[in-house]
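Note sheet for the following structure.
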Amino acid sequence: MSLAISLTLNGVPRRIDLDDPRVTLLDLLRERLDLTGTKKGCDRGQCGACTVLVDGRRVNSCLALAASLDGADVLTIEGVGRADALHPVQAAFVAHDAFQCGFCTPGQIMSAIGLIREAQAGDDPERIREAMSGNLCRCGAYQGVTEAVLEAQRALAAASRETAA
Ligand code: FES
Ligand code: FES
């Protein structure tokens, strides 16, 4: 059975035929659309490597059925920044050595962007650690991740104050 869905994917409207209506968003991204920046760690909602934003909210794409996302706005790591113009969260990850092997990093960055948009953690490192706790890192780069989120949050707040001024 084939099913068509419409998505806005990294800012571009797409109409996609799903050959298998049970395909997850993660497999659709990686195997059909060649967007392999989103990683498959556990494939069962436990590691956060597959985190993307759906309608601005953090989602484990391995747990999301693509068929349920008709009309959604999906942002993956490929839609964040450019090599010559990093997103403030990406720049802060570099500045704070917030990765080693990098496998978890796309998910960490998407989760950090979602967290900053949620504006729930403030500038409390403990609350940031808790809010990022769904994103596991085998390399143990947690200290750098927390520092990077704090710095990116400050940079984005300053940029938004400048825009408003
Ligand atoms: Fe989705 Fe681990 S691959 S949470
Ligand atoms: Fe290696 Fe996080 S940087 S798993």
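Coordinate-derived values only; no laboratory data. Nothing here was measured: the structure is a model prediction, and the numbers come from that model. For neighbour counting, all protein chains shown are included, and Cβ atoms are generated from backbone atoms with ideal geometry for every residue, glycine included.
What to note about this one:
- Taking a Cβ cut-off of under 12 Å around Phe93, the surrounding Lys, Arg, Asp and Glu residues balance to a net charge of -3, with basic ones at +1 and acidic ones at -1.
- Near Asp17: Cβ cut-off under 13 Å, other residues only, Lys/Arg at +1 and Asp/Glu at -1. The net charge is 0.
- FRET efficiency estimate (nearest 0.05) - Cβ-Cβ, Ser160 to Arg14, R0 35 angstrom: 0.75
- Using just its DSSP H runs of length 4 or more, each adding -39500 (n - 2.57), the chain gives a mean residue ellipticity at 222 nm of -10000 deg cm²/dmol after division by all residues.
- Once you divide the Cα radius of gyration of region 68-108 by 2.2 N^0.38 Å, the number left is 1.40.
- Residue-wise HN-Hα coupling along region 43-59, computed from phi with Karplus coefficients 6.51, -1.76, 1.60 (Hz; x: Gly, Pro): 6, 9, x, 10, 10, x, 4, 9, 5, 9, 9, 10, 6, x, 10, 5, 9
- Translational diffusion coefficient of the chain (Stokes-Einstein, Kirkwood radius from Cα pairs, 25 °C, 0.890 mPa s): 151 µm²/s.
- Unit charges on C-beta of K, R, D, E only; dipole of region 61-160, Debye: 120 debye
- Integer Hz, Karplus 6.51/-1.76/1.60 couplings in order for region 137-143, x for Gly and Pro: 9, 5, 7, x, 8, 4, 4
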